[in-house]
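Participant: Take this structure, written in structure tokens, and hold onto it; I'll ask about it next.
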There are 2 protein chains.
Amino acid sequence: MRRPDAPEKVQGRALYVDDVHPAGTLYAAVVRSPHAHARIKAIRTDKAAAVEGVWTVMTHRDIPGRNIIPMIKEDWICLAADATHHVGEAVALIAAETREAASQAAALVEVDYEPLAPVLTIEEGFEREDFLAQWKILKGDTEAAFSNPEHVVLEEVYRTPYQEHAYLETNGMLAMPDGLGGILLQGSLQCPHYVQKAVAVVLGIEMAKVRIVQLCTGGGFGGKEDAPSAPGSHCALLAWKTKRPVKLVYTREEDMICMSKRHPGKVRYRMACSKDGVIQAIDVDYWLNGGAYTTLSPVVLWRGLVHAGGPYRVPNVRVHAYAVRTDTVPCGAFRGFGEPQIVFAVEAHMDAMAERLGLDPVTFRLKNLLDYGDETITGHKIETSCGMREVVEKVLEKAEWHQRHQSFGQDTGRLRRGLGVAFSYYGVGLGALGKHLNPAAANVVVSADGSVTIAVGTTELGQGMVTVLTQIAAEELGCDPSLIRLVESDTSRVPDSGPTVASRTTLMSGNAVRNACQQIKERMESELKDQVVPWKTATFQPEAWPAAVAACLGKCVQMSSQGWSVPPKTTFDVDTGQGDPYVTYTWSANTVELTVDVETGEVVVQRLVSGHDVGKIINPQTGEGQIEGGSMQGLGWALVEEHHLKDGRILNNQFSNYIIPTPMDTPELIPVIVEHRYPWGPYGAKGLGETPMIAVAPAVVNAIAQAVGKRLKEIPATPERVWEALNA
Amino acid sequence: MRRPDAPEKVQGRALYVDDVHPAGTLYAAVVRSPHAHARIKAIRTDKAAAVEGVWTVMTHRDIPGRNIIPMIKEDWICLAADATHHVGEAVALIAAETREAASQAAALVEVDYEPLAPVLTIEEGFEREDFLAQWKILKGDTEAAFSNPEHVVLEEVYRTPYQEHAYLETNGMLAMPDGLGGILLQGSLQCPHYVQKAVAVVLGIEMAKVRIVQLCTGGGFGGKEDAPSAPGSHCALLAWKTKRPVKLVYTREEDMICMSKRHPGKVRYRMACSKDGVIQAIDVDYWLNGGAYTTLSPVVLWRGLVHAGGPYRVPNVRVHAYAVRTDTVPCGAFRGFGEPQIVFAVEAHMDAMAERLGLDPVTFRLKNLLDYGDETITGHKIETSCGMREVVEKVLEKAEWHQRHQSFGQDTGRLRRGLGVAFSYYGVGLGALGKHLNPAAANVVVSADGSVTIAVGTTELGQGMVTVLTQIAAEELGCDPSLIRLVESDTSRVPDSGPTVASRTTLMSGNAVRNACQQIKERMESELKDQVVPWKTATFQPEAWPAAVAACLGKCVQMSSQGWSVPPKTTFDVDTGQGDPYVTYTWSANTVELTVDVETGEVVVQRLVSGHDVGKIINPQTGEGQIEGGSMQGLGWALVEEHHLKDGRILNNQFSNYIIPTPMDTPELIPVIVEHRYPWGPYGAKGLGETPMIAVAPAVVNAIAQAVGKRLKEIPATPERVWEALNA
């Protein structure tokens, strides 16, 4: 099926926040801290307020509710009061009749800062023991394993950089009084219910008075999970005060300076293996630079912790994970959610260990690979839907691994070829730490002509949710998909359905849609009795569904329902790190084939094969799109993307100096889909959104290592860094 | 409880259609027929299209779907094609950048008409047997009753005029592409689902692609039930064609010329009584002038038919009812819905018959009054909730009937006092003829802080729906009413819940809200087990509900539901007119005390007592508001409101020449509420919206008769008409 949302996007008629202009809209500007850390001694707004066209200048003193943006903890400040803790932190807000007047006024807000020494690095923060979160896994006897003289032990430190979400559309919000005594926000966002809570808290009103509607959103990738609560709160404050519509759309520079990013990571990875290549133990320290406020760091960190063993059997485990507070922009959700950082270490380390053991990297991995009946490092016994071996087999076949890996690694000219591999697995959904946010809802309303309106609490971000849920509903009801219509996500339609993250949308919203459809079907079956219902006809009959609807409406059958889906139980013991942390896992492997120019250090990727056991693929085209996009985002992180900072200030805050891959950098991308049905998933589906990104970077450094014999322990593998490694 | 929607209205922040201005909105104008009946030979739009700022000129040829506005039948034309059948019928549509350009272009559309002789009156239409609908009731042996020489027989013909709804806000719509491939209409309307169907038909798209959202609506009174489907379709056509927002707001003149009104009525009423005052038979012909198209005439007519006996025992019945087609504006729904016309006849006739029998009008009525165990003229046995006798008792007491009625009627000066009474009963809801539209839905969503968002398919028109449903939800859940929030009615939230008419909203949407709340409560009870739940605490504890919600959300309990309410069975046999046509009845009586100036014919009302058995009053203040407003609308119809037509054209189409009562005309209004619980209603409630209007006019003419000894058989009782009667 084609994407139902494609025509409006292709024809330029989809409505993004900057396409919506109610008459009388005011424009917002935000006054931001130039300091990473400073005491605020005074804020004077009189000059700004005097600018023609300015309606209001607001500071923390003008907040009617609480001056926080609620997330996991309540430490995130909405408007800086006594101090600022990162460059770009919001200090004052302006609403004016034009963007120009708003910027002019912003420049006239006088803030007296007393600069203080900032904490900027993981090392500094760790030394101060200033943690946003800490987790651990302790299993078996690592000490014995590491002290066994028969075991081969290898330890390395790996580092990964910031990554920008680089969504096409920057953050943007439009807030206005709704005429019913509440406030309406429309904007570019992933998680409407997060913004709803934030606005209710900052305005000091009931959540039901805050209605958040997602407009067409030009990409999220996690960057619009927690972060939009800031522009949302700011915009709402201005609209609530002025009683006018207020629009706040970030420039790219502003978005890069003050919005969340992938946490910079550091991993000390130590592994003990028997000489024949069986992993005996791991001992890992895992640090993330969380930035100034907690936001989502505890759960990002936790996902990394849980996956710290890779998809392998590891009997003895010690992992300590730390999210370190620093005076930098708060990092947050990003495709992979704490897992890419640790998987980079795991999979680079697997290659290094294989080399040390004299084993082929695939052989070493297969020897230790998790399979049915095995336990993960948290003690989760794998009992359903583990297609890992099939994924590996197919990926290696498509990559022509055996022929190519043999023949590479012996080039002597300027261009040297390498082929790298990396495996990963990914716990689908929020898992044990996000239990109360796990369920999802769907509202289904059938019209007299049989067309169906569906609202869910998760969002379309370009990933294909609308397509997949349309297919699921049509399949359930036995109707033509053209009759199904997903409306924009809106907090007033369904309860909090958790965030649109963690590759959970097909699984959770898919099951909620099915549940809602099933309620309606049950009522229809009991009314239509012996008649053949549309979802049970041998072949699809387009006229069957509208006819059945008409018959049921004639009998006053309720043709609407709220669906609900609660996933199976998950567990996690905070003292031992043991439990069944996720309901199921997506299993992945990818290879990267590339060429290194030994004179310039430039790496060019020729081919990337990316395979995933997703349980069941609902829409193959959309699934392949996810694989392609995720792979490219992985290549960007692996090869070119990084931020340069000075005194906590990001120096490269535009796409002219923050480099991401372009279509010209795209290698041959080969998606591989494997389907080992997950019984609780809709038609067996699990999740796919994040997995294609996760293991790209280690495959890249593993391929570089094969090509030129140098193992990079830090990414991105820019020409400079590769050249340096070659010439060290 | 205070009205939750009052503050925004009082402070001018409620959003009406003309308060909503998306950037780039185009303005619509409609080219209308100046003829009551004409053949259309040609329509030329080139000059209009050439006006600067005009985006499109559309005629019937440009309709992508079907050229009809679907209502009960499919005879209502969206844009006149070959002929026009009433003055003001739409012929062409224009969208332009300014209102001025749109009007200028409208004047330049050239239509070649060949005028034809129009049919304008009930008599002409009846003679041609051109009926939009016909119904009958045949019960017992009327012939025997009328031919019995012992019986007193009286026959009269009664006439009632057009009435304007005179809502404060004229009809208005704003249509725009929704960015998702569908269309969004916001507007001033009573029945969003009617407009949804109309727009889907005219655009030729699925209903789920048409989203209708009610904005704050400045009054409806039935006038925004069927009629908004016309401006809705027109506006949607222009927005669909131009891909821009298009606004169509009627001027008052336009609204009066082309929008629906109360059907002019004519009733031939013949009654036979035993000499001791027991009604033996009625023989009635009942005509309504339906106008050019069927719209809602069949059901308006039917309600009049069913109530043609008044709240009395009548063993032998013959009623024939006709909705006559004429070349005039289609008449439609209006508070009372076909009942005021016939009740005027019934209750004027009851007084005339009492006089003939030498009985006091109250004594005569009480002798024949329906009570528990009696049957209506359709054979409906009254078994529940009949508080008629208590209503009468209380109304007469408040009116000081016995003292005053005795003392009036003997004035000899210029000002002569009279006291009149009239009884009525009213079948609540749509009844047997609207079965498939009877059910109603409610969507209830509970937020994490315990605040509750409710969406229903019926609408707030100023009548107090939001207040009443808020109270019902708060009562059900045991929470503070400030936590309850009704959102605007929106077709994408709930299935068709039937129209907001027939005094059915408290009953049907009230029960749907309760049903939705009960589903949630059941889940909460099964989770909270032995704990005392908020709705069962001995005294109201404001903190109990939020605490219970938090506990249930922690356990992933589904805190949302779609409620549904299907009323008890109703029946109607079309051949005999027998059955139980409504689920229950509201019982009413009112008195009017007035003075007639015998020199000028002017009638001044001093006091109106209006009593109703509503089962249970949910909000007394709102209920009294309904009684006051309905009474005044009844006085306007009785005394001053009428249209003057020439060749089918309404001559008085402004408030300067169409007169309605003002605050200065308001007498002492005394509401009386009686509560005989209706078991199926929410807390026993029935309906009240329409009943206060129904029996005002006959009480007025009965009071005039007492004052001056002249029985008017036609209203309004303008000074001219009263003077004429006095001087005949």
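Participant: Pull up the cross-link candidates among the lysines for A:K713, meaning alpha carbon to alpha carbon under 16 Å and not fewer than 8 places away within one chain.
Facilitator: Correct list for A:K713: A:K266.
Participant: Please give, to one decimal in nm, the separation of the simple spin-label points placed at A:R61 and B:S103, each 7 Å out from Cα toward the Cβ.
Facilitator: 5.1 nm
Participant: Remind me, relative contact order of chain A in percent, using alpha carbon pairs under 8 angstrom and six or more residues apart? It would help to have the intermediate numbers written out before the result.
Facilitator: Details: 1918 pairs, mean separation 113.7, N = 728.
Here the relative contact order equals 16 percent.
Participant: If we hang a label 7 Å off Cα along the beta carbon direction at B:K710, how far is it from the matching labels on the other copies, in nm, shortest first?
Facilitator: Sorted ascending, the copy-to-copy spacings read 11.3 nm.
Participant: If each DSSP helix of 4+ residues adds -39,500 (n - 2.57) and the sum is divided by the residues in the protein assembly as shown, what number results at 222 nm, nearest 500 deg cm²/dmol?
Facilitator: The per-residue figure over the protein assembly as shown is -8500 deg cm²/dmol.
Participant: Here is the link list: A:K555/B:K197; B:K275/B:K710; A:K136/A:K569; A:K261/A:K569; A:K247/B:K521. Which ones come out longer than 29 Å on Cα distance?
Facilitator: Correct reply: A:K261/A:K569; A:K247/B:K521.
Participant: Using a simple spin-label model with points 7 Å from Cα along the Cα→Cβ vector, what separation in nm is obtained for A:A49 and A:Q621?
Facilitator: For A:A49 paired with A:Q621, the spin-label model returns 5.7 nm.
Participant: My understanding is that a pair violates if its Cα-Cα distance is over 21 Å; which of A:K394/A:K616; B:K73/B:K686; B:K435/B:K686 do that in this structure?
Facilitator: B:K73/B:K686
Participant: Taking other Cβ within 10 Å of each residue's Cβ, how do A:M58, A:M693 sort, fewest first?
Facilitator: Values: A:M58 21, A:M693 34.
So the residues, fewest neighbours to most, are A:M58, A:M693.
Participant: Right, here's the next one. Using bins 20 angstrom wide from zero, how does P(r) for the protein assembly as shown break down, in % of all Cα pairs?
Facilitator: 9, 32, 31, 17, 8, 2, 0
Participant: Counting only other chains, and only Cβ atoms inside 10 Å, what mean value do you get across the residues of A:4-11?
Facilitator: Numbers: counts 2, 3, 1, 2, 6, 1, 0, 2.
Taking the mean over all residues of the peptide, I get 2.
Participant: Mind running the shape call on region B:556-604? Use the C-alpha gyration tensor, a ≥ b ≥ c as the square roots of the eigenvalues: rounded below 1.5 for a/c, prolate if a/b tops b/c, oblate otherwise.
Facilitator: oblate
Participant: By the scheme Lys and Arg +1, Asp and Glu -1, what is the net charge of all other residues having a beta-carbon under 13 Å from that of A:K555?
Facilitator: Here the count lands on +2.
Participant: To make sure I understand the rule: partners must be aspartates and glutamates, Cα under 15 Å from the Cα of A:K9, and not fewer than 8 residues away in the same chain. Which ones qualify?
Facilitator: By straight Cα distance, A:K9 reaches A:D18, A:D19, A:E169, A:E460, A:E488, B:D178.
Participant: Now a separate question. Within chain B, what is the longest stretch that has no chymotrypsin sites (Phe, Trp or Tyr not before Pro) placed in a DSSP loop and near at most 15 other beta-carbon atoms within 10 Å?
Facilitator: It works out to B:1-371.
Participant: Which distances, in nm and shortest first, link the B:E155 label point to the same label point in every other copy, taking 7 Å along Cα→Cβ?
Facilitator: Distances to the matching label points in the other copies: 11.5 nm.
Participant: Which semi-axis lengths, in whole Å and largest first, follow from the square roots of five times the eigenvalues of the Cα gyration tensor of chain A?
Facilitator: Whole-Å semi-axes of the equivalent ellipsoid: 40, 36, 23.
Participant: Give me Rg/Rg_expected for region A:527-571, where Rg uses Cα atoms only and Rg_expected = 2.2 N^0.38 Å with N residues. Mind dumping the intermediate values first?
Facilitator: Values: Rg = 15.2 Å, N = 45, 2.2 N^0.38 = 9.3 Å.
Taking the Cα Rg and dividing by 2.2 N^0.38 Å, one obtains 1.63.
Participant: Sticking with this structure for a sec: Using the beta-carbon distance between B:K646 and B:R356 and R0 = 45 Å, what value does 1/(1 + (r/R0)^6) give for FRET efficiency, to the nearest 0.05?
Facilitator: Working: r = 39 Å, r/R0 = 0.86.
The formula returns an efficiency of 0.70 here.
Participant: What FRET efficiency comes out for A:E127 versus A:V10 if R0 is 51 angstrom and r is the Cβ-Cβ distance? Round to the nearest 0.05. Walk me through the numbers before you get to the answer.
Facilitator: Details: r = 53 Å, r/R0 = 1.04.
According to the calculation, E is roughly 0.45.
Participant: Right, another one. Of the peptides A:17-25, A:554-562, A:659-667, how do they stack up when ordered by the mean number of other Cβ atoms within 10 Å, highest first?
Facilitator: Highest mean packing first, the order is A:554-562, A:17-25, A:659-667.
Participant: Let me ask something else. Give the calculated FRET efficiency between B:K569 and B:K41 to the nearest 0.05, with a Förster radius of 60 Å applied to their Cβ-Cβ distance.
Facilitator: Efficiency for this residue pair is about 0.70.
Participant: Still on this structure, I have one more. Which whole number gives the average count of other chain Cβ atoms within 10 Å of the Cβ atoms across peptide A:17-24?
Facilitator: For peptide A:17-24, the averaged partner shielding equals 3.
Participant: Semi-axes of the equivalent ellipsoid of region B:531-684: what are they in whole Å, largest first, if each equals the square root of 5 times a C-alpha gyration tensor eigenvalue?
Facilitator: Three semi-axes, in Å: 46, 23, 19.
Participant: Less than 19 Å apart at the alpha-carbon level, and either on another chain or at least 8 residues along: which lysines does that give for B:K139?
Facilitator: B:K381
Participant: DSSP beta bridges in the protein assembly as shown, what fraction antiparallel, as a percent rounded to 5? Please report the intermediate quantities before stating the final value.
Facilitator: On the way: 189 of 245 bridges.
Around 75 percent of the beta bridges assigned by DSSP in the protein assembly as shown are antiparallel ones.
Participant: Nearest beta-carbon of A to the rotation axis carrying it onto B: which residue, how many whole Å?
Facilitator: A:Q562, 3
Participant: Put the label 7 Å from Cα along Cα→Cβ for A:A42; what are its distances to the other copies, in nanometres, shortest first?
Facilitator: Label-point distances to the other copies, shortest first: 8.1 nm.
Participant: Which percent, nearest 5, of DSSP beta bridges in region B:185-307 are antiparallel?
Facilitator: Percentage antiparallel, nearest 5: 75.
Participant: Just subtract the alpha-carbon distance of A:T539 and A:A81 from 0.36 nm times their residue separation and send over the number in nm, one decimal.
Facilitator: 158.3 nm
Participant: Can you tell me, using C-alpha contacts under 8 Å and at least 6 residues apart, the relative contact order of region B:25-163 as a whole percent? Write down the numbers at each step before the final one.
Facilitator: Numbers: 209 pairs, mean separation 47.3, N = 139.
That works out to 34 percent.
The numbers here are math on the coordinates, done by the rules we state, and not lab data. Every value quoted in this text rests on a predicted model; they were computed, and no experiment measured them. Cβ atoms come from the backbone with ideal geometry, glycine included; neighbour counts cover every protein chain shown.
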